[in-house]
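The block underneath contains the structure these notes are about, expressed in structure tokens.
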Amino acid sequence: MLKLRQLKEKQKAQAAAEGHNNSSTPTTSISAAQLRLQKDITELDLPHTIKVQFPDPSNFFTFNLTITPQQGYYRSGHFHFKVDINNNFPIDPPKIKCLNKIYHPNIDLEGNICLNILREDWSPVLSLSQVLMGLNFLLLEPNANDPLNKQAANVLAKDPRQFERNVYNSMRGGYIDSVYFDNVMKK
Amino acid sequence: MRDLSSILPLVETAGPFNEVPEEYDPHDSLLSLATTKILVIGAGGLGCEILKNLALTGFKDIHVIDMDTIELSNLNRQFLFRPEDIGKSKAEVAARAIIARIGDDNLKITPYFGKIQDKPREYYRQFSVVISGLDSIEARRWINATLMALVDEETLVPLIDGGTEGLRGQSRVILPTISSCFECSLDLLSPKVTYPVCTIANTPRLPEHCIEWANQLQWPRHFPDRKFDADNPDDVDWMYQMAKTRADEFKIEGVTRSLTLGVVKNIIPAIASTNAVIAASCCNEAFKFVTNSNPLLNNYMMYSGDESIFTYTYPYAKKDNCPVCGNMPKWVKAERWWTLDQFIEELSTKQEVQMTRPSLTTSSRYLYLSNPEELEKLTRTNLSKKLSDLLAPGEEIVVTDPKLPISMKVLVEFVGSEVDPEFINK
């Protein structure tokens, strides 16, 4: 371990030259995931149509989102999502589920969401803001090419007017093809 | 009982590449080999090899941690285990097997059956070197950050990290704060294979798509309150049948029980010889480090056995803004009477970086978060509290700010009086 001693001495001399001498270590350390998430959360830059709520203010790894689109098929609805981030962030992507049962080609009845950057195209360089903007985009521009709710996608592709009516009715708590959808017009 | 005749020639004289030949003493080398406390993390594929190598090269005080139990599928390469050991702790069985095989009364192996995160940080200070043969990125990041945080004037515990995947592997020597760390190279990792949900749900083309359909979409629908248990044969059968039905419907071939298990458990094929090569490299480094006989690996060795053998060693560069090693805590003085607000004011104006809206947290609480609004409201009440009341002694503060590339770690040195001197004067 001689080499190590040599290196340590070099490092110490350098530190002394720079004028730090207090080098006792902290008693607790913060996980790398928290470091990164703190950066992402405190720098969230969201339009006023996206609101975040923290049910447990002492834990920002789990939070809720409400998106209220101002335009598109889903305008004026309040869509609730749950975001779960694990301790392996940003290697693992955030997990996002839709809490309402909604009529949407890319969101199924269990709340699973088909958004590429949440799965196959996730990369640690993506920020939380970018993910939430992606989610917002999905509500503004539902996409019939990547269906998760096939029926809804078919209607959107073949008859956008009918799709618009279906979305309108489903958002007010109604049945589409004998499936009941949640009323998302209330706050 | 084995003698050391095979390693004596290596330590009797300083090697030709020795960096400190004038200080080299073979006697010290042998003594340090016999007394060094070494920790092995993981007693699986790499771990078995590592433990065997260390015991045979003369290490006498070995500790081993593993949270897993032995499974049938381990036995082809984890040679310290036998069929009757299935279900028992890997660390404990491995320790017993080595002791029984080596038959040396001076050899001590201390197993711990549990997670590395169970042990407090100070536990790791007792070791001269840590070798890890882990299968998870999360555990590697944890041990890397932990050893980094231990660095002080007396302590620097090197991490020798081995990893294998099929016919490829890597070994590296991490000297905390001196050479690049695991976190510096996170970008190198290839992402886990995932499939688009829409493909899984509507247009499966591969057997894996069918298995993921059963796993991701059908399981939560049928068993909303229960997690899939890969060790429960009934669960695995259910998953396999579900995937098989799906595959038949789309005329996809290749869904088998073992593929099902492979996909849901994310199993990476393990090859015994790759483990042996990588473990040998790791133990080689541990031996050189402890005996000073030869220079250490600088600092990253990649091995590929895909086509004949290719290895390449190069110094992986330290990342300047690495959140773990590029970011050692900085000491900042604060008056004992300061409120959090006053401290933030001091931080944002007196540091080299002029911060615009800093946020501060510790590992136990959020002190102040400037954004989003909701968290700002919840933490605003802390601003008028005394900083010294909010912090545990020696607690580290993490500061993030849009002006900082990552974050800054701060340790507070409290000075002065408990009460505002101006206040006393009045």
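Read the figures in this text as sums done on the coordinates, not as results from a lab. Computed from a predicted structure; not experimentally measured. For neighbour counting, all protein chains shown are included, and Cβ atoms are generated from backbone atoms with ideal geometry for every residue, glycine included.
A few remarks follow.
- Average partner coverage of A:117-125, which counts Cβ from other chains inside 10 Å: 4
- For the stretch B:330-425, the share of DSSP beta bridges that are antiparallel, to the nearest 5, is 60%.
- Computed Kirkwood radius, in angstrom, where 1/r is averaged over Cα pairs of chain A: 19.3
- Once backbone amide H atoms are built at 1.01 Å from N, residue B:132 has B:41, B:160, B:161, B:162 as its partners under 5 Å, excluding neighbours fewer than 5 places away on the same chain.
- Structural size metrics of the stretch B:197-264, computed from C-alpha coordinates, are Rg and Dmax of 11.0, 32 Å.
- Ranked packing of B:96-102, B:359-365, most packed first, by mean Cβ within 10 Å: B:359-365, B:96-102
- Shielding by partners for peptide B:14-26, expressed as the average number of C-beta atoms from other protein chains within 10 Å of each residue's C-beta, is 1.
- Karplus-based coupling profile of the stretch B:391-406, in residue order and whole Hz: 9, 7, x, x, 6, 8, 10, 9, 10, 10, 7, x, 7, 9, x, 10, with θ = phi - 60° in 6.51 cos²θ - 1.76 cosθ + 1.60 and x standing for Gly or Pro.
- Treating r as the C-beta distance of residue B:122 and residue A:11 and R0 as 30 Å, the FRET efficiency rounds to 0.85.
- In Å, descending, principal axis extents of the Cα set of the stretch B:1-91: 51, 24, 22
- Alpha-carbon Rg/Rh ratio, for chain B, with Rh computed the Kirkwood way: 1.04
- Label-point separation, residue A:58 to residue B:152 (7 Å along Cα→Cβ), nm: 2.7
- Only aspartates and glutamates eight or more places from residue B:318 in sequence, or on another chain, were considered; those with a Cα closer than 14 Å are B:183, B:187.
- The share of Cα pairs per 10 Å bin across the stretch B:249-401, counted from zero up to the longest distance, runs 8, 22, 17, 13, 21, 15, 3, 0 percent.
- Straight-distance crosslink candidates among lysines, where the alpha carbon sits under 17 Å from residue A:186 and sequence neighbours closer than 8 are dropped: A:51, A:101
- The convex hull of the Cα atoms of the stretch B:124-178, projected and averaged over all directions, covers 3.8 nm².
- For the stretch B:330-425, fraction of C-alpha pairs farther apart than 18 Å, in %: 43
- For the listed peptides B:227-235, B:81-89, a ranking on the average number of other beta carbons within 10 Å per residue, highest first, reads B:81-89, B:227-235.
- From its DSSP helices (H runs of at least four residues, each -39,500 (n - 2.57)), chain B gives a residue-normalised ellipticity at 222 nm of -9500 deg cm²/dmol.
- Modelled label positions at residue A:133 and residue B:229, each set 7 Å beyond Cα in the direction of Cβ, lie 4.5 nm from each other.
- Förster-model FRET efficiency, 45 Å R0, residue B:22 and residue B:168, C-beta, rounded to 0.05: 0.65
- Computed Rg/Rh of the protein assembly as shown, alpha carbon atoms with Kirkwood Rh: 1.02
- The mean number of Cβ atoms from other chains found within 10 Å of a Cβ in peptide A:39-48 is 5, as a whole number.
- With K and R counted +1 and D and E -1, the other residues having a Cβ less than 10 Å from that of residue B:319 yield a net charge of -2.
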